[in-house]
């Protein structure tokens, strides 16, 4: 089924966000709410539209998209037949209100429309119950997580009457159009994400109270060491709202089928009674003082006290390696080690018994926790890291100590000998990158691998530490382009593993070069080598397409700039950030962006305008807020493709190569062009000095900015001098090396490495 128009019912916080996301992906959206003012019947929807299109805090990638958003109200706009393909309800969590709204929709919706509720707590069957079988077969839950634009998880909840074809159609739409990760759930309390998340949160909090652990001690034990958000259980509860977890946990506790698994802590009960709900009320588990420090809630004293020391020995043995962490916890015998093991054990058990109950696939539980709760790994992925059989055996031995021990470990787990995941297998709900691999041409450990698809598209994957741009990888780019041009391949896709494309060069390497006094030799040669590598990409005889998601900064952004095309996930953050450490971009990115302006045929005033904007963007280290913003900033071209689902960027890039290669691909060519030279340098310096005088920049910012302006201008040459790319590249190399030898640049690099934030000197 094709979905092109959607009606969102309810213009509150979630309804507004859902509507905005639908508009962002190019759909026509109608946003409706109740009438609260007869003189202004669309008041609530109008206010929501104002939030959606707010100039600074708006929810749209581009406010021009607002042309596809219309507003109205339930009274006037649900009277006559409506042509929407999908209805999404996000009204108050009261059954009678939902029945009233859906009663109106049932009278006007076309027979093929899909009907979905965003409820987080009311059974889907209860909402559908008053309506006829045809309504019920098209009715299901569509539960978005907050904030809608950035949270990947969407739960689709079917009830007994839901048609499987409707589930299939909505799942495809949500994955490929909305760019979300879909988890198919059964109609049970809490569905999957909140069910598992609430269980482990309450379990940790209850046992922490029993053990006398302080709020901050509990958070230290339930955050990063377990592969979960750094803030930990209690701080996360403050952030989300203590009342949210409180109500969900009580909903589960009140469910006769779940009551035995839930033991609830006392602190949330007291905090909710006091109205201390976390960040939204100014205090919760934590209370911020005037000096910025935080006190913690003490249940025994019913008051706030100083944080307790976190000096548990086991934490000294735990780091970023989750396999190491989980195995260390599994083998621990001390009190805190056993606390952590029971956290994992109880989670594993509850997750196992919910396969078949809350969802049909164990992968869905992992997906829900990774996509909806930002865990590094889901329960079954964590189980694998310790070992399927040894965990199952120990759970069976300790079954009497687990909440709900009347329930045994399910047979499908008891008898399992193989891992839940095969080597290299992940939780993706779309084909993983590895499925496109047909033949491996090379694998260079710590640098790259080169594969080919069955139909002759090369796939170059960066495998450097943290996806940094190394000298070895630069050489691998050249080697891959050689293979592309010398053999019968259609084109090349450049991609990287992990959530982020590349942070560029390793600053530690830069500092080391300065310390060794080899900037004018090794650094210069490395910069020239990078220029050669990206030049080979840019001028390749066959298309080179980069697939990007997450952050592409510095040298990572420069790889994109020299690709024939870029396929970018909507939530891509691209920028040239070198000025923050006292440098200019050294991978020809500045030259490429300047060239695009010079080759456009602009008039001189237009050139000055565009180059000045570019100077400001690079000199301030501006990073795009999303891929559409990257297009506005010039990091992406209008011809570059943006897709909503980051898991599909490689597939889309492969398709782009196939398309380009099919119809007589014409390679890029080198050109000569007229530059602004010293005219632009003088103007830029004047503007930079004005920023300094206004206390928006330092003297050294002016110095760095002027070196950048020289590259954009084509060097210290008269206006209208005819130059080519090679001349601009030489200016970039010389200025990059000059800045690398400055003491203030060294200070900025050192400060960034030590503090992970820029120094303004």
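The values are calculated or read from the model by the stated rules, or taken from the named source; none is laboratory data. Model, not experiment: these values are computed from the prediction. Glycine also receives a Cβ, built like all others from the backbone with ideal geometry; neighbour counts cover every protein chain displayed.
Rundown of residues vs (1) in a helix (DSSP H, G or I); (2) within 20 Å of the chain's Cα centre (by Cα), yes/no style:
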site	(1), (2)
7	no, no
11	no, no
15	yes, no
18	yes, yes
32	no, no
50	yes, no
57	no, yes
61	no, yes
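Within region 536-560, the set of residues being part of a helix (DSSP H, G or I) and over 24 Å from residue 627 (Cα atoms) comprises just one member, 536. For residue 186, the conditions (1) touching a strand residue (DSSP E or B) at 6+ places or on another chain (Cβ under 9 Å); (2) crowded, with 18+ Cβ neighbours inside 10 Å are fulfilled apart from (2).
Would you confirm, using the coordinates I've provided, whether residue 429 is in contact with a strand residue (DSSP E or B) (Cβ under 7 Å, 6 or more places away or on another chain) and over 17 Å from residue 494 (Cα atoms)? So residue 429 passes the test.
Could you check how many residues of region 709-725 are part of a helix (DSSP H, G or I) and out of contact with any helix residue (DSSP H, G or I) (no Cβ under 9 Å at 6 or more places or on another chain)? Lay out the reasoning, then the answer.
Taking region 709-725 and keeping what is part of a helix (DSSP H, G or I), we get 709-713, 725.
Pick out the ones that are also out of contact with any helix residue (DSSP H, G or I) (no Cβ under 9 Å at 6 or more places or on another chain) and you get none.
Final tally of qualifying residues: 0.
When 439, 398, 423 are checked against the criterion of being surrounded by fewer than 16 Cβ atoms within 10 Å (Cβ to Cβ) and touching a strand residue (DSSP E or B) at 6+ places or on another chain (Cβ under 9 Å), a single residue qualifies: 439. If you go through region 336-355 one residue at a time, do you hit one that is under 24 Å from residue 210 (Cβ atoms), exposed (fewer than 13 other Cβ atoms within 10 Å of the Cβ) and over 27 Å from the mean Cα position of the chain (by Cα)? No, the conditions are met nowhere in region 336-355.
If you check residue 634 against the conditions, is it in contact with a helix residue (DSSP H, G or I) (Cβ under 7 Å, 6 or more places away or on another chain), surrounded by fewer than 20 Cβ atoms within 10 Å (Cβ to Cβ) and not assigned by TED's automatic domain parsing to the domain that holds residue 750?
Working: in contact with a helix residue (DSSP H, G or I) (Cβ under 7 Å, 6 or more places away or on another chain): yes; surrounded by fewer than 20 Cβ atoms within 10 Å (Cβ to Cβ): yes; not assigned by TED's automatic domain parsing to the domain that holds residue 750: yes.
Considered against the rule, which asks whether it is in contact with a helix residue (DSSP H, G or I) (Cβ under 7 Å, 6 or more places away or on another chain), surrounded by fewer than 20 Cβ atoms within 10 Å (Cβ to Cβ) and not assigned by TED's automatic domain parsing to the domain that holds residue 750, residue 634 comes out as yes.
Reported count of residues in region 705-732, each being surrounded by fewer than 17 Cβ atoms within 10 Å (Cβ to Cβ) and under 23 Å from residue 691 (Cβ atoms), is 1.
Taken together, 612, 661 contain a single residue that is touching a strand residue (DSSP E or B) at 6+ places or on another chain (Cβ under 7 Å), surrounded by fewer than 19 Cβ atoms within 10 Å (Cβ to Cβ) and in a helix (DSSP H, G or I), which is 661. Collect the residues in region 738-752 that are within 30 Å of residue 535 (Cα to Cα), within 36 Å of the chain's Cα centre (by Cα) and surrounded by fewer than 17 Cβ atoms within 10 Å (Cβ to Cβ), keeping them in residue-number order. Answer for region 738-752, where residues must be within 30 Å of residue 535 (Cα to Cα), within 36 Å of the chain's Cα centre (by Cα) and surrounded by fewer than 17 Cβ atoms within 10 Å (Cβ to Cβ): there is none. Of the numbered criteria (1) surrounded by fewer than 18 Cβ atoms within 10 Å (Cβ to Cβ); (2) outside the structural domain of residue 375 (by TED's automatic domain parsing); (3) closer than 30 Å to residue 261 by Cα, the one residue 410 fails is (2).
Residue 534 fulfils the conditions (1) within 28 Å of the chain's Cα centre (by Cα); (2) at pLDDT below 95 except for a single criterion, (2).
Every residue, every condition in (1) within 24 Å of the chain's Cα centre (by Cα); (2) within 18 Å of residue 147 (Cα to Cα); (3) not assigned by TED's automatic domain parsing to the domain that holds residue 297, yes or no:
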site: 179; (1), (2), (3): yes, yes, yes
site: 182; (1), (2), (3): yes, yes, yes
site: 198; (1), (2), (3): yes, no, no
site: 204; (1), (2), (3): no, no, no
site: 221; (1), (2), (3): no, no, no
site: 230; (1), (2), (3): yes, no, no
site: 240; (1), (2), (3): yes, yes, no
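Is there a residue being under 23 Å from the mean Cα position of the chain (by Cα) and at pLDDT 95 or above anywhere in region 654-664? Before you say what the answer is, go through the steps one by one.
Taking region 654-664 first, the residues under 23 Å from the mean Cα position of the chain (by Cα) are 654.
Filter once more, keeping what is at pLDDT 95 or above: 654.
Scanning region 654-664, I find at least one residue that is under 23 Å from the mean Cα position of the chain (by Cα) and at pLDDT 95 or above, so the answer is yes.
Considering every residue within region 249-257, establish whether at least one is closer than 25 Å to residue 148 by Cβ, in contact (Cβ under 8 Å) with a residue 60 or more places away in the chain, part of a helix (DSSP H, G or I) and not assigned by TED's automatic domain parsing to the domain that holds residue 133. Talk me through it step by step, then tell me what you get.
The initial filter retains those residues of region 249-257 that are closer than 25 Å to residue 148 by Cβ, namely 249, 251-252.
After this cut, where a residue has to be in contact (Cβ under 8 Å) with a residue 60 or more places away in the chain as well, the list is 251-252.
Next, from what is left, pick out any that are part of a helix (DSSP H, G or I): 251-252.
Remaining after also requiring not assigned by TED's automatic domain parsing to the domain that holds residue 133: 251-252.
Yes - at least one qualifying residue is present in region 249-257.
Answer yes if at least one residue in region 264-274 is assigned by TED's automatic domain parsing to the domain that holds residue 347, closer than 23 Å to residue 145 by Cα and either exposed (fewer than 14 other Cβ atoms within 10 Å of the Cβ) or touching a helix residue (DSSP H, G or I) at 6+ places or on another chain (Cβ under 6 Å) (or both), and no otherwise.
Step one: of region 264-274, the residues assigned by TED's automatic domain parsing to the domain that holds residue 347 are 264-274.
If we keep only those that are closer than 23 Å to residue 145 by Cα as well, we get 268, 272.
Now drop any that are not either exposed (fewer than 14 other Cβ atoms within 10 Å of the Cβ) or touching a helix residue (DSSP H, G or I) at 6+ places or on another chain (Cβ under 6 Å) (or both), which leaves 268, 272.
Scanning region 264-274, I find at least one residue that is assigned by TED's automatic domain parsing to the domain that holds residue 347, closer than 23 Å to residue 145 by Cα and either exposed (fewer than 14 other Cβ atoms within 10 Å of the Cβ) or touching a helix residue (DSSP H, G or I) at 6+ places or on another chain (Cβ under 6 Å) (or both), so the answer is yes.
Residue 576 satisfies every condition listed in (1) closer than 30 Å to residue 748 by Cα; (2) surrounded by fewer than 24 Cβ atoms within 10 Å (Cβ to Cβ) except (2).
Output the residue which, of all residues in region 79-100 that are part of a loop (DSSP other than H, G, I, E, B) and modelled with pLDDT of 95 or more, is surrounded by the most Cβ atoms within 10 Å (Cβ to Cβ). Walk me through how you get there before you give the answer.
Within region 79-100, the first condition is being part of a loop (DSSP other than H, G, I, E, B), and the residues that meet it are 79-81, 83-85, 90-94.
So of that shortlist, the ones also modelled with pLDDT of 95 or more come out as 84-85, 90-91.
On the way: 84: 21, 85: 20, 90: 25, 91: 23.
Within region 79-100, the match that is surrounded by the most Cβ atoms within 10 Å (Cβ to Cβ) is 90.
For region 496-513, a residue qualifies if it is part of a loop (DSSP other than H, G, I, E, B) and either surrounded by 20 or more Cβ atoms within 10 Å (Cβ to Cβ) or in contact with a helix residue (DSSP H, G or I) (Cβ under 7 Å, 6 or more places away or on another chain) (or both), and the qualifying residues are 496, 498, 500, 501, 503, 505. Checking each residue in region 664-699 for being part of a helix (DSSP H, G or I) and without any contact (Cβ under 8 Å) to a residue 24 or more places away in the chain picks out 682, 686, 689, 690, 691, 692, 693, 699. Summed over region 445-465, residues that are assigned to a strand (DSSP E or B), closer than 19 Å to residue 504 by Cα and free of Cβ contacts under 8 Å to residues at least 40 places away in the same chain total 4.
Considering only region 587-596, state which residues are in a helix (DSSP H, G or I) and either touching a strand residue (DSSP E or B) at 6+ places or on another chain (Cβ under 8 Å) or surrounded by fewer than 22 Cβ atoms within 10 Å (Cβ to Cβ) (or both).
Of region 587-596, the ones in a helix (DSSP H, G or I) are 589-596.
If the condition is that a residue be in a helix (DSSP H, G or I) and either touching a strand residue (DSSP E or B) at 6+ places or on another chain (Cβ under 8 Å) or surrounded by fewer than 22 Cβ atoms within 10 Å (Cβ to Cβ) (or both), then 592, 595, 596 are the ones that fit.
For beta carbons closer than 8 Å, sequence separation of 6+ or different chains, a first residue in region 401-425 that is in contact (Cβ under 8 Å) with a residue 40 or more places away in the chain and a second that is assigned to a loop (DSSP other than H, G, I, E, B) and surrounded by 10 or more Cβ atoms within 10 Å (Cβ to Cβ), the qualifying pairs are 403/262; 403/263; 410/356. Evaluating residue 563 against the criteria (1) part of a loop (DSSP other than H, G, I, E, B); (2) surrounded by fewer than 23 Cβ atoms within 10 Å (Cβ to Cβ); (3) in contact (Cβ under 8 Å) with a residue 60 or more places away in the chain leaves one unmet condition, (2).
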